[in-house]
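S.K.: Below are the C-alpha cells for one structure; questions will follow.
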Amino acid sequence: MQHQESEVKVYQTTEYSRFKFINGNRELNEQKINRIVADIEAGIDVLKYYPLVVREKDDRLEIDDGQHRFYISKKLKRPVYYIVAPEERKLVDIAKINSNTEKWKTKDFIHCYTQQGNDHYVKLNEFMTVYELSATLAIKLLGDGEPGYGGGGRDGQQKFHRGEFQAKYYDEAVKITEACRQFKDFKNWKSASFFLAIYKIMKAGKVTIDELAEKYQGHKDQLTEQPGPKEYIANLEMIYNKRRHERVIIF
C-alpha cells in the first residue's frame, strides 16, 4: 500500500511556555483528563497522533484546538505535537473546529462566547448561574420570552453555535422565573413542564401567582410531579380550590 506524504508538517516541543490558551477554548474537563492520563499510563499513548492546531501570534502559539492534549502533555512532561494553521481564524470558526473534532455541549458554547464578552451569552450565563436552570430552558426563556421544550429547531441551534443568540427577553424571563421560584420547595419547580403551567396561568390572568403560591404554602404536599403542563395546571387548580365554597377555574 502506498501513502502520499502530506504538506502539513507536525512539529513537537517541550517548551510549554510557548503555548497560550485563548478566550473561547472550552473549560478543561477533569474527568476527561484523568481518563486520558490513565490510558497513557497503561501504555495507550496516542498524543502524537492527534496534534494540536495552533496559530502564531505575538511570538506565542495560540491553541485553536487541543487544550486538553496540551494540558496532559505538560502535566506528564511529554512533547507537545502541533500543527501551525496558516490563517487567522474567527471565534466562530474556532468553535466550529472544536465542535467537529469532539462534540461540544451547550455549556461549552456558552463558555466560549462569554469569554469573548458577547453580552447576550454573558446574560445567559448569569441568568443560568443565578437561577440554576437548564441551558435549554434558559435559552428558550431569554430568546423567546416564554418557556418551552425546544431551542428553536435546527436553525436556532446553528445560530446559537455561531454566536448569534440574542437574550431579547431578559426582563420577561426573570418575571416568569421569579413566579415559578415562589414554589421552590417543590422539587420539580425548575422543570419545563412546570414553567409552562405557571406561564399559562399568568397569561390567563384569572388568578395571581401570588395568590396561588400563598395557597400552595398551606398544602405543599398536594403538589406532585406531573407528566406535562396540562396536568400541573389541574394539580394547582385543585390546590387553589382547597376549602373554597365555589370552584375557581385558574386557566
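FYI, it's all coordinate maths here, none of it is from the lab. If you're wondering where the values come from, they're calculated on a predicted model, not measured in any experiment. Every residue, glycine as well, gets a Cβ built from its backbone with ideal geometry; the counts of neighbours run over all protein chains shown.
S.K.: Could you give the length gained on full extension between Lys203 and Leu76, defined as 0.36 nm per residue of separation minus the Cα-Cα distance, in nm?
M.R.: On the way: separation 127, 0.36 × 127 = 45.72 nm, distance 5.81 nm.
Between Lys203 and Leu76, full extension yields 39.9 nm more.
S.K.: Let me ask something else about it. Amide H neighbours of Leu61 under 5 Å, counting only residues 5+ apart in sequence or on other chains, H built in-plane at 1.01 Å?
M.R.: So Leu61 has HN proximity to Phe19, Lys20.
S.K.: Ok, one more. What is the calculated FRET efficiency for Tyr49 to Gln158, with r their C-beta to C-beta distance and R₀ = 45 Å, to the nearest 0.05?
M.R.: Numbers: r = 31 Å, r/R0 = 0.68.
About 0.90, to the nearest 0.05.
S.K.: Still on this structure: Students often get this wrong, so check it: of Lys107/Lys140; Lys32/Lys184; Lys9/Lys74; Lys9/Lys48; Lys105/Lys140; Lys105/Lys230, which have C-alpha atoms separated by over 24 Å?
M.R.: On the way: Lys107/Lys140 15 Å; Lys32/Lys184 34 Å; Lys9/Lys74 21 Å; Lys9/Lys48 13 Å; Lys105/Lys140 16 Å; Lys105/Lys230 31 Å.
Among Lys107/Lys140; Lys32/Lys184; Lys9/Lys74; Lys9/Lys48; Lys105/Lys140; Lys105/Lys230, the Cα-Cα distance tops 24 Å for Lys32/Lys184; Lys105/Lys230.
S.K.: Taking the Cβ of each residue in Arg18, Arg154 as the centre, tally the other Cβ atoms inside 10 Å and list the residues starting with the fewest. Present the calculation step by step, with values, prior to reporting the outcome.
M.R.: Numbers: Arg18 14, Arg154 8.
The order, fewest Cβ neighbours first, is Arg154, Arg18.
S.K.: Calculate, in nm to one decimal, what Phe21 and Lys242 gain on full extension: separation in residues at 0.36 nm each, minus their alpha carbon distance.
M.R.: Details: separation 221, 0.36 × 221 = 79.56 nm, distance 5.90 nm.
Gain on extension, Phe21 to Lys242, equals 73.7 nm.
S.K.: Which aspartates and glutamates, if any, have their Cα less than 20 Å from the Cα of Lys220, not counting same-chain residues under 8 positions apart?
M.R.: Glu178, Asp185, Asp210, Glu211, Glu231, Glu237
S.K.: If you don't mind, another one. Mind checking the full-extension length gain between Glu7 and Asp210? Use 0.36 nm per residue of separation minus the Cα-Cα distance, one decimal, nm.
M.R.: Numbers: separation 203, 0.36 × 203 = 73.08 nm, distance 6.79 nm.
Length gained, Glu7 through Asp210: 66.3 nm.
S.K.: Additional query: Report the net charge of residues surrounding Ala173, where surrounding means a beta-carbon distance below 10 angstrom and charges are Lys +1, Arg +1, Asp -1, Glu -1. List each step's numbers first, then the result.
M.R.: Values: positive: Lys123, Lys140, Lys168, Lys175; negative: Asp144, Glu146, Asp171, Glu172, Glu178.
Surrounding charge for Ala173 is -1.
S.K.: Please compute the modelled spin-label separation between Lys57 and Glu172, points set 7 Å along Cα→Cβ, answer in nm with one decimal.
M.R.: Between Glu172 and Lys57, the label points sit 3.6 nm apart.
S.K.: Just name one of Phe186, Tyr232, Leu141: the one whose Cα is farthest towards the positive end of the charge dipole of the range 139-244 (beta-carbon charges, Lys/Arg +1, Asp/Glu -1).
M.R.: The one lying farthest along the dipole's positive direction is Tyr232.
S.K.: Still on this structure, please answer the following. For P(r) over Cα pairs in 5 Å bins from 0, in percent, the choices are (1) 1, 5, 11, 13, 12, 10, 9, 9, 7, 6, 5, 4, 3, 2, 1, 0, 0, 0; (2) 1, 6, 12, 16, 22, 18, 13, 8, 3, 1, 0, 0; (3) 1, 5, 12, 15, 16, 16, 13, 10, 7, 3, 1, 0; which was calculated from the structure?
M.R.: Entry (1).
S.K.: Find the relative contact order for the chain and round it to a whole percent, using C-alpha pairs within less than 8 Å whose residues are 6+ positions apart. Walk me through the numbers on the way to the answer.
M.R.: Values: 315 pairs, mean separation 33.7, N = 251.
Normalised by residue count, the contact order of the chain is 13 percent.
S.K.: Using the Karplus curve 6.51 cos²θ - 1.76 cosθ + 1.60 with θ = phi - 60°, what ³J(HN,Hα) values do you get for each residue of the range 7-15, in whole Hz, with x for Gly and Pro?
M.R.: For the range 7-15, the Karplus curve yields 7, 6, 9, 9, 9, 9, 6, 10, 7 Hz.
S.K.: Given the -39500 (n - 2.57) contribution per DSSP H run of 4+ residues, what per-residue ellipticity at 222 nm results for the chain, rounded to the nearest 500 deg cm²/dmol?
M.R.: Values: 11 runs with 120 residues, N = 251.
-14500 deg cm²/dmol, from helical runs alone.
S.K.: Below 8 Å between Cα atoms, with a sequence gap of 6+, how large is the relative contact order for the range 182-240 in percent? Can you show the working numbers first?
M.R.: Details: 49 pairs, mean separation 23.9, N = 59.
Dividing the mean separation by the residue count of the range 182-240 yields 40 percent.
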